[in-house]
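Notes for the one structure printed next.
Here, each number is a calculation from the coordinates, and none is a lab measurement. This structure is a prediction, so every number in the text was calculated from the model and none was measured. All Cβ positions, even for glycine, are placed from backbone atoms using ideal geometry, and neighbour counts span all protein chains on display.
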Amino acid sequence: MKNSKSTKKSANKKQSNPSKFSWGWAKHFVSHVLWSNRTWIGKAGVILASILVLLTTSAFGVGQWYRNKHADEPLILGATFIPNYAEFFELDAKETLEAMINDLGFKRFRLVTYWKDYEPVEDEYDFTNLDWQVDMVEEAGGEIALTLGLRQPRWPECHGPEWAMEKPIEQWSADLNEYMGVVIDRYKDRDVIIEYQLENEYFLSVFGECPDFSRERLVNEFNYVKEKDPTRPIVVSRSNNATPSWPIGEPRADVVGASIYKRVWDRTVTKRYFEYPYPAWFYAFLAGATELTTDRNTVIHELQTEAWLPDGISMKDAPLEEMYNTFGPDDVGPRIKYGVDTGIRNIDLWGMEWWYHLKVNRDAPEIWDNAKEALKEYR
C-alpha cells in the first residue's frame, strides 16, 4: 500500500510540474532575458515598446467600441461639389451636378459659398450660381451641408474678395461675418440645408494661402453663426490626417469634421509619392476618443478619391499614369471601403468633378464607372 500511495503522490507531483515549469520559464524570460541582461538602453527600449503596445491596444479598443456603437446607424455617402472646379475642367457645372445626382446617385452634398464669388463688390450680392445648386439638390430629395467662412474647400483654401482682403483683419473679419449673415438669412428657411460647415481645416497653416489662423476669430464666427441660426448643427474641422478630429479648445462644435488622405505627393520632405500608414481603425479611435471626451460625433467631410499631383503638373491634362499614382480606377472600391471601415457613418467623397472630366473630356470613364458600381454596393 505504501508503494501504491508513494507512486500516486509521485504521479500527482509530476502532473503539477509542467505548469510550475511554464510559469517559472516565463518569469525567467522576463527577468533575465528582457531585463537583467540588458543595458540601460535596452531597458529603455523594453519600456518604450511596452508603452507603445499598451497605447496601441487601448486605441484599437476605443476604435472597436466606436465602430460597434454606430454599426446600426445608416451609412450616408455624399460628395463635395464646387462649380468653379467643374468649370476649371471646361465642364458645364449644371450638367456635372446633374450627373452626380442622377448617374452616381448622390443625395448628400457639401456646397461652398465662396465669399469672392457672391460678394465680388462690397455690399453687392449675387447668389444666382448658388441658388440653382440648392434648387437642384432639393428637387432630387437630397440634403446639403453648406460651408461658411473665409477658408473653404479647394485651393487657395481662403476665398476672400480683393476689396475685403486689403483691409486690416479687424475690418475684413467684421465684413466676413456680415456676408455669412446674408447667406444664412437667404437659405435658413430651406429644409434642404441640414447643417453648416464653418471654415475648412482652419488650423492647417502649412497648406493654402490664408492671412489668419487665430482661434479668436474662429470662436467669434462660431458664436455669430449660432446666434444667426441656432436650429442647425455646425461642423468644424481643424486639420487633416494625423489630427483630424480631436477638438482641442474652443469652439466646441456640434459635429467634428475630419478629412482623410491616403496617398499624396509629399512636397515638404521626401519630394516623392507618400502613403499615410494609418489603418482605418486609427480614425475610429480618433472619432471614439472625441466622443468619449466631448460627447461629439465625427463626420468625414473629405475622403480622398482624387489624384494628388506634384507641383507644376495640372489635373486637367496630366498623363493618366501620373494621376493614377495616387488614385486610379483600382483604388475606388478599396478607398470607399477604407472610409466605411473607420466606422464613421457620414462620409463625403472628394473629386467627382475630376472623375467626370476624365469620363467626358479624356475618354477615361473607368473611375466614374467603378465608383458607380461601388456606391451601389453600399446603398
Inset, instruction - Quick one: of K271/K337; K188/K228; K107/K228; K69/K262; K316/K337; K271/K316, which pairs are farther than 19 Å apart, Cα to Cα? - result: K271/K337; K107/K228; K69/K262; K316/K337; K271/K316
Legend entry - Among G312, G249, G343: highest mean-square fluctuation, GNM of the chain, C-alpha pairs under 10 Å: G312
Legend entry - Orientation-averaged projected area, Cα convex hull of region 143-240 (nm²): 6.1
Inset, instruction - Using a Gaussian network model of the chain whose springs link C-alpha atoms within less than 10 Å, name the residue from M180, M165, M352 with the highest mean-square fluctuation. - result: M165
Inset, instruction - Could you work out which residue, out of V62, V255, V53, moves most in a Gaussian network model of the chain, that is, has the largest mean-square fluctuation with Cα springs under 10 Å? - result: V53
Inset, instruction - Divide by every residue of the chain the summed helix terms, -39500 (n - 2.57) for each DSSP H run of at least 4, and state the resulting mean residue ellipticity at 222 nm, rounded to the nearest 500 deg cm²/dmol. - result: -15000 deg cm²/dmol
Inset, instruction - Identify all aspartates and glutamates with a Cα-Cα distance to K167 below 16 Å; exclude those on the same chain that are fewer than 8 residues away in sequence. - result: E119, E122, D123, D175, E178, D212
Inset, instruction - For N220 and D330, compute 0.36 nm times the residue count separating them, minus their Cα-Cα distance, and round to one decimal in nm. - result: 35.2 nm
Legend entry - Spacing of the two label points (7 Å from each Cα toward its C-beta) at Y276 and W155, in nm: 1.9
Legend entry - Options (i) -0.40, -1.05; (ii) -0.56, -1.16; (iii) -0.49, -1.11 - which one matches log10 I(q)/I(0) by the Debye sum over Cα atoms at q = 0.08, 0.13 Å⁻¹ as calculated here: (iii)
Inset, instruction - State which stretch of the chain is the longest one without any exposed GluC sites (Glu not before Pro), exposure meaning a DSSP loop state and at most 15 other Cβ atoms within 10 Å. - result: 210-379
Inset, instruction - Select from region 239-346 those trypsin sites (Lys or Arg not before Pro) which occupy a DSSP coil region and have at most 12 other Cβ atoms within 10 Å, ordered by residue number. - result: K271, R272, K316
Inset, instruction - Choose one of T326, F222, L198: the residue whose Cα lies farthest towards the positive end of the charge dipole of the chain (beta-carbon charges +1 Lys, Arg; -1 Asp, Glu; about the Cα centre). - result: T326
